[in-house]
1. Restricting to region 79-112, name every residue that is farther than 18 Å from I203 by Cβ and surrounded by fewer than 18 Cβ atoms within 10 Å (Cβ to Cβ).
2. If we scan region 208-216, do we find a residue that is more than 20 Å from A111 (Cβ to Cβ), touching a residue at least 24 places away in the same chain (Cβ under 8 Å) and not aliphatic (A, V, I, L, M)?
3. Output the residue which, of all residues in region 137-194 that are farther than 28 Å from M213 by Cβ and hydroxyl-bearing (S, T, Y), is farthest from the chain's Cα centre (by Cα).
4. Without any contact (Cβ under 8 Å) to a residue 60 or more places away in the chain, under 30 Å from A220 (Cα atoms) and among the polar types (S, T, N, Q): does that describe N157?
5. Just for region 116-165: of the residues that are closer than 15 Å to F205 by Cα and surrounded by fewer than 16 Cβ atoms within 10 Å (Cβ to Cβ), which one is modelled with the highest pLDDT?
6. Give just the number: which of (1) in contact with a Cys (Cβ under 6 Å, 6 or more places away or on another chain); (2) farther than 21 Å from F110 by Cβ; (3) surrounded by fewer than 17 Cβ atoms within 10 Å (Cβ to Cβ) does N186 not satisfy?
7. When region 80-115 is examined, which residues are found to be assigned to a helix (DSSP H, G or I) and at pLDDT below 80?
8. Could you count how many residues in region 167-183 are buried (at least 19 other Cβ atoms within 10 Å of the Cβ) and not aliphatic (A, V, I, L, M)?
Amino acid sequence: MSVAAMILMSVSTDLKERNLTFKAWIPFDYSSPTVYFFVYTHQLIAMYDSAIVNVSSESLLCGFLQHICCQFEILGYRLTKVKDDESFLRDCISHHNRIFEYAYTVNNLFAKVIAAQFPVSMLVVCSNLYRLAMTTDFVSFVALVSYTSVMLVQIFNYCWFGNKVKLKSLELINSIYNTEWPELNNSSKRDLLLIMKRAMTPIEFTSAYIITMNLESFVALLKMSYSVFNLLHQTQE
């Protein structure tokens, strides 16, 4: 959406004035119409490819978080089929531990990245809101709205899936309650109790142990962005 808006803005402004979409050093003369067309098209294709790569890398973490949610659903289903089989319950305990280990590994890998992403996104949203308040050009307005929306959706996805992982990890307790645990022997009940005690501590993804990836953090980010925007707007006045 943002790429389409930028292309539209570039075609309506740069193309008419024979300017490039991005300022760049070109090692040859591109003033002729044919050469300019190829250089201009090359920049548009590069921008589109960069957007595809960016979306792929940004959605990687969301895919990992969704995988954790799926593992909790699988484990919850397995627990509904629990029976007096110690090896089966041991497998469930091992599965639960592996989910926690996997979540811990993913959190360690992406903690610093998300810690940098949150403040940068807040600054981008603030600056875009400020530019939106100042701009009078319709095409620029559409491009800024699209870019701001994409940045908000990007952070919202992190917070949404992080919050979903937390809820799924807590839902495992309900899955255990829904089993036929009164009919199990004492050893099996102890195994279920072990899983339940572990499930009482939810999995929460944090950014460098400062920002927790949940919906509350997303709301806090919006409030902070709006506060900074008001400060900039009042300073301008």
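1. Just the residues of region 79-112 that are farther than 18 Å from I203 by Cβ, to begin with: 80-91, 112.
Residues satisfying the conditions are T80, K81, K83, D84, D85, E86, S87, F88, R90, D91, K112.
2. Initially, region 208-216 is screened for residues more than 20 Å from A111 (Cβ to Cβ), giving none.
Scanning region 208-216 turns up no residue that is more than 20 Å from A111 (Cβ to Cβ), touching a residue at least 24 places away in the same chain (Cβ under 8 Å) and not aliphatic (A, V, I, L, M).
3. S187
4. Working: without any contact (Cβ under 8 Å) to a residue 60 or more places away in the chain: no; under 30 Å from A220 (Cα atoms): yes; among the polar types (S, T, N, Q): yes.
So N157 fails the test.
5. Pass one, region 116-165, residues closer than 15 Å to F205 by Cα: 116-118, 155-165.
Filter again for surrounded by fewer than 16 Cβ atoms within 10 Å (Cβ to Cβ), leaving 116, 156.
On the way: A116: 82, F156: 90.
Applying the filter and picking the extreme gives F156.
6. Going through (1) in contact with a Cys (Cβ under 6 Å, 6 or more places away or on another chain); (2) farther than 21 Å from F110 by Cβ; (3) surrounded by fewer than 17 Cβ atoms within 10 Å (Cβ to Cβ) one by one, N186 breaks only (1).
7. Start the filter on region 80-115 by keeping residues that are assigned to a helix (DSSP H, G or I), which leaves 80, 86-115.
The answer is E86, S87.
8. 3
The values are calculated or read from the model by the stated rules, or taken from the named source; none is laboratory data. Given the structure is predicted, the values throughout are model-derived calculations rather than measurements. Cβ: placed from backbone, ideal geometry, glycine included. Neighbour counts: every protein chain shown.
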